[in-house]
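Undergrad: Just dropping this structure here.
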Amino acid sequence: MIYVEDKNLVIPGQILADDDYYPGRGTFKEDGKICSSLIGLVSLRNKKIRVIPLKSKYVPKKGDVVIGKINDVRFSMWDVDINSPYSGILPAFEVFGRDKKELNKVYDVGDVLFLRVIDVDEVKKAKLGLKGRGLGKFKGGIIVDISPTKVPRLIGKKGSMINMIKNKTNCKIVVGQNGLVWVKGDEDMEQLTREIIHTIEVEAHTSGLTNKIKNKLCLAIDGELPVEETEEEFVLEKPKLQNFKEELEEEERAEAEAKLKDESEEIQEAEVESESDDVEEDAEEEIEVESESDDVEDEAEEEKETEDKPNFYDVIEELKKKNQNKKDKNLSYSDNSKNNSFILNNR
Amino acid sequence: MSEMIREDGRKYNELRPIKIEAGVLERADGSAYLEVGGNKILVAVYGPRESYIRRLLEPNTGVIRCRYNMAPFSVDDRKRPGPDRRSSEISKITADALRPALMLENYPRSMVDIYIEVIEAEGGTRCAGITAASVALVDAGVPMKDIVVGCAAGKVNDEVVLDLSEVEDKEGQADVPIAIMPRTGEITLLQSDGDLTEEEFQKAIDLAMEGCMKVSELQKEALMKKYSTE
């Protein structure tokens, strides 16, 4: 017996189903009833119930790619803030093998890096590494933070959402699994991208979001683009929408098939994590590819774009300096204290 | 007896008007604002986050800390700011009332901080604090077994009544605040102040339970309203 439907919004303690279903992530079993432990959306697949949280904290997982900020430089490692209840460490030998160098000359406090989680120990401390293409220090740009559960939505199926934003705004975007997003491009576009990303975060659980975002992007950039181009954009929209729907259906079908395969294992170890992350894992691969190709393709892209709008990249050097300042401001995501009094005054 | 009308015009089993709003603060991980009668309470939840107090860490689970604080202007006479005996007690019992509902096993060595700020007080702030705090915890995405809800009953003019106001609390004979997990009906907080016969005590608990169930519906409504798309 089941009491909810797929994609329903549920709250903690709500009874979802009776014994004949399997409890997945975000649920627990009590007195033969499966209940939700989170506020989130129900995901139903082959008698397995999960609740996908609306908000959550990032818990480091081996193999994830994350964006982190150097918090402290110690004798043989860096302390890295990875936007999580657990801090990350980047051992010196992961960066320069057995050579001895001064650590703060390589990465100093405040630097933002793109890292991979190599290992997570039993107390959930994440050991980080820089081995892999595309990993390393970010220069300039801004950091936008979103809830880690929204990361797959931001990337979209096969990167549809993120690629669309990239193309529209001409920004370089890198998404970390821990919910931090690095954006670099024209200053206005950075701000626009930040807005767009926040919109996606807020409306992640609504349907037809890709299209909505597309409209928003067109509207915002409209003024800067030649008129003909925007018209083309609007013509292109309709078929895109259909594709998106088909994609969604396909996605669901594919996932259902994948589920069938995994089912036997999953029943045995209902508690074991992996399942809820299959979406994210897809996403992760996307990100990697994204970030790698970014650096290589970038020049080519730039050339193309300069033909259309020459003034975009003329001022980039100037912006870099500004961005450096911006970055510092934007990185204060862990500083929660300031705004508490705000609402009090308003009330 | 049940026909009697109370000082503020309520029936013996009537709650004061309640308004709950989830997610009112931008920078907190979760937050809630609640009004019950003349009470105005704001709760902010941070976490699970890295614990900066080493000695509080638990290797196998997360811990919660709670701070109940009354604004100096929240009562008629100015309240001296800072923690006092009463607010320390309420901080502790609030944390104790919420702890059984939390499922922090997946966040070992972490800490959840709950800040309850009473902006205006008019009796029954501890129950209101618990009610608001659990909404804020849900809003923060903290895994929970149930949404804890608090409500008080008491004895005024030899009558057992629900949800005491400030006047009733001061002039009444007894006050029984409870907090429950509404799905199972488990009691997570039970205090009793004043004299009650066994019969009256049972009656007070039953009445308070009933009140809790009503408040619980409002909690759920507030959360659904905040996040539903339709």
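Derivation of every value follows stated rules applied to the coordinates shown; laboratory data play no part. Here the structure is a predicted model, which means the values were calculated and not measured. Reconstructed Cβ throughout: ideal geometry from the backbone, glycine too, with neighbour counts over all protein chains shown.
Undergrad: Kindly flag which residue pairs out of B:Lys92/B:Lys225; A:Lys139/A:Lys214; A:Lys100/A:Lys139; A:Lys55/B:Lys145 have an alpha-carbon separation exceeding 19 Å in this structure.
TA: Values: B:Lys92/B:Lys225 30 Å; A:Lys139/A:Lys214 28 Å; A:Lys100/A:Lys139 24 Å; A:Lys55/B:Lys145 16 Å.
As for pairs spanning more than 19 Å Cα to Cα, those are B:Lys92/B:Lys225; A:Lys139/A:Lys214; A:Lys100/A:Lys139.
Undergrad: Determine the shielding of peptide B:134-147 by partner chains: average, over its residues, the number of Cβ atoms on other chains within 10 angstrom of each Cβ.
TA: Details: counts 2, 1, 0, 2, 7, 3, 4, 12, 8, 12, 9, 7, 7, 5.
The mean count of partner-chain Cβ atoms within 10 Å per residue comes to 6.
Undergrad: Here's a follow-up. Over all residues in B:23-33, what is the mean tally of Cβ atoms on other chains that come within 10 Å of each residue's Cβ? Each step should come with its number before you reach the end.
TA: Values: counts 1, 4, 6, 6, 8, 4, 5, 2, 2, 0, 3.
Mean shielding count: 4.
Undergrad: Moving on. Please work out whether region A:167-225 counts as rounded, prolate or oblate from its C-alpha gyration tensor, where a ≥ b ≥ c are the square roots of the eigenvalues and a/c under 1.5 means rounded, while otherwise a/b larger than b/c means prolate and anything else oblate?
TA: Details: a/c = 2.27, a/b = 1.08, b/c = 2.10.
Oblate.
Undergrad: Per residue of B:46-53, how many C-beta atoms from partner chains lie within 10 Å of its own C-beta, taken as a mean? Walk me through the numbers on the way to the answer.
TA: Numbers: counts 2, 2, 6, 6, 6, 1, 0, 0.
The per-residue average across the peptide is 3.
Undergrad: In whole Å, what are the extents of region B:18-224 along the principal axes defined by its C-alpha atoms, from largest to smallest?
TA: 50, 40, 34
Undergrad: Then there's this: Quick one: order A:Phe75, A:Phe96, A:Phe114 by neighbouring beta-carbon count within 10 Å, fewest to most. Could you put the intermediate results ahead of the total?
TA: Values: A:Phe75 6, A:Phe96 12, A:Phe114 22.
With the sparsest Cβ surroundings first, the list reads A:Phe75, A:Phe96, A:Phe114.
Undergrad: Determine the dipole magnitude for region B:28-151: charges of +1 sit on the beta-carbon of Lys and Arg, -1 on that of Asp and Glu, nothing else is charged, the reference point is the Cα centre, and the result goes in debye to the nearest 20.
TA: Working: 16 positive and 16 negative charges, 99 e Å.
With only Lys, Arg, Asp and Glu charged at Cβ, the dipole is about 480 debye.
Undergrad: How far, in degrees from 0 to 90, does helix B:125-140 lean away from the longest principal axis of the Cα atoms of chain B, to the nearest 10?
TA: 30
Undergrad: Something else now. When a footprinting reagent is the concern and you count Cβ atoms within 10 Å, what order do B:Ser88, B:Ser31 take, fewest first? All intermediate terms of the calculation are to be shown ahead of the outcome.
TA: On the way: B:Ser88 12, B:Ser31 25.
Exposure proxy ranking, most exposed first: B:Ser88, B:Ser31.
Undergrad: Given the C-alpha centroids of region A:123-157 and region B:106-158, what is the distance between them in whole angstrom?
TA: Cα centres, region A:123-157 to region B:106-158: 35 Å.
Undergrad: Hey, another quick one. List the relative contact order of chain B as a percent without decimals, with contacts defined as Cα pairs under 8 Å and 6+ residues apart. Walk me through the numbers on the way to the answer.
TA: Numbers: 522 pairs, mean separation 49.8, N = 230.
About 22 percent, as a whole number.
Undergrad: Name the residue from B:Tyr68, B:Gly141, B:Asn157 whose Cα lies farthest towards the positive end of the charge dipole of region B:18-224, charges +1 on Cβ of Lys and Arg and -1 on Cβ of Asp and Glu.
TA: B:Gly141
Undergrad: Per DSSP H run of n ≥ 4, the term is -39500 (n - 2.57); total these for chain B, divide by its residue number, and report the mean residue ellipticity at 222 nm rounded to 500 deg cm²/dmol. Each step should come with its number before you reach the end.
TA: On the way: 4 runs with 66 residues, N = 230.
Helices in chain B give a 222 nm mean residue ellipticity of -9500 deg cm²/dmol.
Undergrad: Can you sort B:Leu137, B:Leu104 from fewest to most other Cβ atoms within 10 Å of each residue's own Cβ? Before the final figure, lay out the partial values.
TA: On the way: B:Leu137 28, B:Leu104 21.
With the sparsest Cβ surroundings first, the list reads B:Leu104, B:Leu137.
Undergrad: Which is the longest part of chain B that has none of the chymotrypsin sites (Phe, Trp or Tyr not before Pro) sitting in a DSSP loop with at most 12 other Cβ atoms within 10 Å? Don't skip to the answer; put the middle values down first.
TA: On the way: sites that count: B:Tyr52, B:Phe73.
The answer is B:74-230.
Undergrad: To the nearest 10 degrees, how steep is helix B:198-227 against the longest Cα principal axis of chain B, on a 0 to 90 scale?
TA: Long axis of B:198-227 versus the principal axis of chain B: about 50 degrees.
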